[in-house]
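Have a look at the structure below before the remarks.
The values are calculated or read from the model by the stated rules, or taken from the named source; none is laboratory data. Owing to the predicted nature of the structure, the values given are computational and were not obtained by experimental measurement. Ideal geometry is used to build each Cβ from the backbone, glycine not excepted, and the neighbour counts take in all protein chains shown.
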Amino acid sequence: MRKILIAVSIITALFLAGCSSTRFVSTWKEPTAGPGTLFGKKVATFVVSPRSSVRRPAEDLLAGELSARGAEGVAGYTVLPGEQAKDTDKAKTVLQEAGFDYALVLQAVDVEQEENYVPGQTWHSPTYYRSWGGYWRRGWTTVYEPGYTTTATVYTVETLLYGLADEKLIWAGRSETTDPGDIERFVSDYASAVDDELREAGLLE
């Protein structure tokens, strides 16, 4: 239960804050998944969060990206809103009765701080210490910038695609998002990044 609560808090913080950059660090595809697997198929998109303000924009954009590439994307909250999404048996029944073929699920799994050291730099002109004037000129033409440390917050998110007929994992991707910024930009960029990865895997047109 504690692990679930931590994951929920991470995804909530991530989507409320947004981010400046997202990149997939690893992906996997079921070897038997053929080209255009999702073309013409009904796909529900889900973001694991109890907050509708977090789920809705992300699920809408993910569904929109899928639909733009030949699948029939449907935001998960429209069929399993609020607390209903937590009931596994109900979720299976609802999705099956609604004719969904696949479910794309986004889940936050980790957050950590990264520190980066930027070394100091010195600029100077060739002058001498032999005279007051020489030293004075050097003092004013030599500039030293001390080193400093920057801290970045990195969120790790898993995106999983399941076939609902046999509950089989079709595709998985792990991404890293660095430094929160604007939520609308983040959601849009993330949805586009997922779409690009699925196309690269040959699952979308």
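Read through the list (1) surrounded by fewer than 18 Cβ atoms within 10 Å (Cβ to Cβ); (2) at pLDDT 80 or above; (3) more than 16 Å from the chain's Cα centre (by Cα), then give the number of the only condition that Ala91 fails. Of (1) surrounded by fewer than 18 Cβ atoms within 10 Å (Cβ to Cβ); (2) at pLDDT 80 or above; (3) more than 16 Å from the chain's Cα centre (by Cα), only one is false for Ala91: (1).
Residue by residue, here is whether (1) more than 19 Å from Leu164 (Cβ to Cβ); (2) touching a residue at least 40 places away in the same chain (Cβ under 8 Å); (3) among the hydrophobic types (A, V, I, L, M, F, W, C); (4) out of contact with any strand residue (DSSP E or B) (no Cβ under 6 Å at 6 or more places or on another chain) holds:
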{"residue": "Pro50", "(1), (2), (3), (4)": "yes, yes, no, yes"}
{"residue": "Gly70", "(1), (2), (3), (4)": "no, yes, no, yes"}
{"residue": "Asp89", "(1), (2), (3), (4)": "no, no, no, yes"}
{"residue": "Val94", "(1), (2), (3), (4)": "no, no, yes, yes"}
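Looking for whichever is within 21 Å of Tyr190 (Cα to Cα) and within 19 Å of the chain's Cα centre (by Cα) here; the options are Phe39, Phe46. Which one fits?
Numbers: Phe39 fails: within 19 Å of the chain's Cα centre (by Cα).
Going through Phe39, Phe46 in turn, just one is within 21 Å of Tyr190 (Cα to Cα) and within 19 Å of the chain's Cα centre (by Cα): Phe46.
Scanning the range 155-184 for residues that are surrounded by fewer than 15 Cβ atoms within 10 Å (Cβ to Cβ) and modelled with pLDDT of 75 or more yields Ala165, Asp166, Glu167, Lys168, Leu169.
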